[in-house]
Amino acid sequence: LTIGNNTRINGADFNVHNGTKIEIGSGCLFSTNIDVRTTDSHNIFNFDGERINPDKNIHIGEHVWIGRMVSILKGAKIGNGSVIGSMSLVSGIIPNEVIAAGVPAKTIKENITWKE
């Protein structure tokens with residue numbers, strides 16, 4: 001788990017599993033009740049015995065604002081300057097400088113900037 005300078009976290013659980021990474025850039029703002037996890041917590045196998053749900057890294061860019069009660073799942077990437085709306089589920093790639101919200105989170109506004 002790496003956290004950049006001047007990032008404020010008001011309430012988050014981080015679950016980093018099996019050598020994966022969570023990288024958080026500088027100047028981010030995390031609200032409360034946020035769940036960030038690189039794992040599904042339980043292994044799932046196909047009938048050949050191969051694991052089909054491997055753990056994956058998470059990358060959160062610079063100056064990202066995460067609203068309250070957001071879940072960020074394995075493999076997620078959130079671009080610089082973006083805002084994630086409350087109660088969203090991030091499971092994919094969120095571009096730079098957008099507002100994303102929903103389950104799963106999708107871009108709802110582009111070309112944005114924000115200040116505290």
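Under a Gaussian network description of the chain, with springs only between Cα atoms under 10 Å, the residue in Ile72, Ile52, Ile22 that fluctuates furthest is Ile52. Computed over neighbours whose Cβ is under 14 Å from that of Asn5, the net charge equals -1, Lys and Arg +1, Asp and Glu -1.
Solvent-accessible surface of region 3-62, taken per residue with a 1.4 Å probe and all protein chains present: 60 Å².
Relative protection proxy for 9-17, 78-86, from highest mean packing down: 78-86, 9-17 (other beta-carbon atoms within 10 angstrom).
Distant-in-sequence amide contacts of Ile94, defined by a placed amide H-H separation under 5 Å and a gap of 5 or more residues or a different chain, comprise Lys77, Ile78, Gly79. Calculated on the Cα set of region 2-110, radius of gyration then Dmax: 14.0, 47 Å. Considering only C-alpha atoms, what is the centroid distance from region 95-116 to region 1-73, in Å? Cα centroid of region 95-116 versus Cα centroid of region 1-73: 18 Å apart.
The residues Thr2, Thr20, Thr107, sorted by heavy-atom accessible surface at 1.4 Å with ligands and nucleic acids left out, run Thr2, Thr107, Thr20 from largest to smallest. Put a plus charge on the Cβ of each Lys and Arg, a minus charge on the Cβ of each Asp and Glu, and nothing anywhere else: the dipole of the chain about its Cα centre is then about 200 debye. Using a simple spin-label model with pseudo-atoms 7 Å out from Cα toward Cβ, Asn96 and Thr113 lie 1.3 nm apart.
What a 1.4 Å probe finds exposed on the chain is 50% carbon and sulfur by accessible area, rounded to a whole percent.
Applying 1/(1 + (r/R0)^6) with r as the Cβ-Cβ distance of Asn5 and Asn43 and R0 = 30 angstrom yields a FRET efficiency of 0.25. Across region 14-19, coupling constants 3J(HN,Hα) worked out from phi with the 6.51/-1.76/1.60 Karplus curve, θ = phi - 60°, read 10, 10, 10, 10, 6, x Hz, and Gly and Pro carry x.
Taking R0 as 22 Å, what FRET efficiency do you get between Arg51 and Asp13 from their Cβ-Cβ distance, rounded to the nearest 0.05?
Working: r = 24 Å, r/R0 = 1.08.
Taking R0 as 22 Å, the efficiency between Arg51 and Asp13 is 0.40.
The values are calculated or read from the model by the stated rules, or taken from the named source; none is laboratory data. Since the model is a prediction, treat every value here as computed from it, not as a measurement. Reconstructed Cβ throughout: ideal geometry from the backbone, glycine too, with neighbour counts over all protein chains shown. Surface accessibility is based on the protein's heavy atoms, side chains included, excluding ligands, DNA and RNA. Shrake-Rupley method; radii C 1.70, N 1.55, O 1.52, S 1.80 Å.
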